[in-house]
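No value in this document is a laboratory result; all are computed from the given coordinates. Fair warning: this is a prediction, and the values are worked out from it, not measured in the lab. Don't worry about glycine lacking a Cβ; one is built from the backbone with ideal geometry, like all the others, and counts go over all protein chains shown.
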């Protein structure tokens with residue numbers, strides 16, 4: 001399994017042709033208290049860089065983009081009842097959706113953990 | 001592609017620089033996240049908006065509102081002169097009494113909302129919004145007679161302490177303030193520093209707004225924040241608190257396109273003034289009071305968990321836009337999203353169901369009476 005990051009602060013864990021997507025700890029910290037998450041339905045096709053989910057904090061709404069193209073296999077049902085999971089465990093239980101990759105080669109353009117850390121430290 | 005921001009040389013000297021307020025370093029030392037607001041760096045949050053909001057509702061929050069404009073209007077007949085611009089009874093305002101009023105344009109549109117206090121000796125102390133203070137000053141100077149002077153008290157900071165335990169914390173430092181009641185004010189001192197203390201605020205809670213000389217405000221803020229009841233609170237929670245309290249925010253729920261009647265601020269039209277008229281836009285405003293305005297400001301509870309925010313449309317069954325949301329967000333004390341909107345006056349009745357359109361999605365909402373959270377002002381007698 002490998003983890004990649006985007007410059008829009010999404011993370012993606014890849015295992016074979018399946019993957020799990022969420023937003024980073026840095027992103028949840030910037031958003032503040034999260035009060036609502038809209039995750040994509042199973043079967044939805046998402047394109048790399050396209051809007052895939054919505055996350056709303058007390059003060060603002062933000063789009064979450066698909067790090068790579070694929071077919072959604074599951075949205076995280078736990079976030080409907082408890083959106084604050086994104087604050088408390090952003091890179092674990094607070095994942096947004098799972099997908100089946102259609103173009104695995106798209107992963108090549110993403111950052112690894114060290115590169116993402118350096119990217120964030122420069123913000 | 002790079003997302004670097006290109007630093008262009010500043011060639012537009014008229015672009016105002018973002019200014020720094022007296023408590024800037026104080027906020028940063030306490031971990032505030034600072035944002036630009038009304039031309040100043042201001043703290044948006046410390047621990048998180050939700051926790052800060054709930055802390056104010058149960059204890060006391062310290063807000064820095066030094067960006068707001070504090071004016072002292074002096075001269076014989078200043079009250080009568082101000083009445084030409086405001087619909088409130090200023091002449092009848094007793095010493096140390098505060099009144100909420102509105103600065104009106106010639107067509108009756110709202111240029112700002114403000115607080116007017118009668119100072120001992122007769123001068124008026126006026127607090128206006130930060131984002132509009134320079135326009136307000138220009139408008140007042142243009143319309144007030146030359147023998148009325150306006151002193152912009154920009155050497156004074158303004159802090160607010162709000163919440164049910166504000167009285168305990170402030171009384172400990174400034175004995176006597178517990179005797180004030182809502183919408184009254186007085187001169188007090190702390191450590192030899194002269195304070196002007198108003199029992200007022202904009203959170204729906206009991207509390208104080210305190211004008212402090214800028215060179216003493218850091219020490220005073222330290223003394224307040226050292227009280228066990230008090231935590232510093234950012235502008236984010238100030239906004240969610242005032243929304244729950246049903247209080248309109250200038251630049252969002254109030255603007256030059258709205259009138260006091262549409263904004264449901266009829267209480268700001270004092271009885272004598274309604275009878276006599278003689279203020280900016282009086283004909284239109286009194287006509288609207290008689291016959292109604294086209295639109296009216298209402299409060300909405302939004303179904304579900306997703307906040308509906310400023311800019312969303314109110315739509316009818318056929319999808320036509322009939323109104324607009326002017327404030328909205330998740331209400332921490334209510335536990336669900338709430339909003340303020342302007343809707344056709346005929347629909348502005350509690351219990352009416354409406355649809356709101358935001359980013360291509362429809363949300364159901366119901367008009368409810370405001371405030372969403374009951375006010376807890378101390379209207380008479382001491383609190384104990």
The stretch B:34-50 and the stretch B:99-133 have their Cα centres apart by a whole-number Å value of 25 Å
Whole-number percent relative contact order across chain B, with pairs defined as alpha carbons under 8 Å at least 6 apart: 17 percent
FRET efficiency for residue B:20 and residue A:121 from the Cβ-Cβ distance with R0 = 25 Å, rounded to 0.05, comes out at 0.45
In nanometres, what is the gap between the two model label sites at residue B:226 and residue A:84, each 7 Å from Cα along Cα-to-Cβ? 3.3 nm
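Report the FRET efficiency, 1/(1 + (r/R0)^6), for residue A:44 and residue B:107, where r is their Cβ-Cβ distance and R0 is 45 Å, rounded to 0.05. Each step should come with its number before you reach the end.
Details: r = 50 Å, r/R0 = 1.11.
So the FRET efficiency works out to roughly 0.35.
Fewest Cβ neighbours within 10 Å first, please rank B:53, B:27 accordingly. Numbers along the way, then the final one.
Values: B:53 27, B:27 21.
By the 10 Å Cβ count, ascending, the order reads B:27, B:53.
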Rg and Dmax of chain B, using alpha carbons, in Å: what are they? 21.1, 65
Between B:334, B:167, B:181, where does the largest GNM mean-square fluctuation fall for chain B, given springs only between Cα atoms within less than 10 Å? B:334
By Cβ neighbour count within 10 Å, fewest first, B:326, A:71, A:24 rank A:71, A:24, B:326
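What is the diffusion coefficient of the stretch B:261-349 in µm²/s, taking the Kirkwood radius over Cα pairs and the Stokes-Einstein relation at 20 °C with a viscosity of 1.002 mPa s? Could you put the intermediate results ahead of the total?
Values: Rh = 14.6 Å.
Estimated diffusion coefficient is 146 µm²/s.
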Between residue B:54 and residue B:272, what is the label-point separation in nm under the 7 Å Cα-to-beta-carbon projection? 4.8 nm
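Using Cβ counts within 10 Å as a stand-in for footprinting exposure, how do B:29, B:316, B:24 rank, fewest first?
Working: B:29 10, B:316 13, B:24 18.
By the 10 Å Cβ count, ascending, the order reads B:29, B:316, B:24.
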Calculate, in nm to one decimal, what residue B:152 and residue B:317 gain on full extension: separation in residues at 0.36 nm each, minus their alpha carbon distance. 54.4 nm
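Using Cα pairs closer than 8 Å and at least 6 residues apart in sequence, work out the relative contact order for chain A, in percent. Show your work: numbers first, answer last.
Details: 276 pairs, mean separation 37.5, N = 123.
Relative CO of chain A lands at 31 percent.
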Using alpha carbons only, how many angstrom separate the centre of the stretch A:47-123 from the centre of the stretch B:155-198? 48 Å
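Expressed in nm to one decimal, what extension gain is obtained for the pair residue A:102 and residue A:2 from 0.36 nm per residue of sequence separation less their Cα-Cα distance?
On the way: separation 100, 0.36 × 100 = 36.00 nm, distance 1.69 nm.
34.3 nm is the gain from fully extending residue A:102 to residue A:2.
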Interatomic Cα distance distribution for the stretch B:266-307, bins of 10 angstrom, percent: 23, 40, 16, 15, 6
If we sort B:227-237, A:51-61, B:350-360 on the protection proxy, mean other Cβ atoms within 10 Å, highest first, what's the order? B:227-237, A:51-61, B:350-360
Before rounding to the nearest 500, sum -39500 (n - 2.57) across all DSSP H runs of length at least 4 in chain A and divide by the residue total; then give [θ] at 222 nm in deg cm²/dmol. -4500 deg cm²/dmol
If each part is reduced to its alpha-carbon centroid, the stretch B:231-247 and the stretch B:319-384 end up apart, in Å, by 15 Å
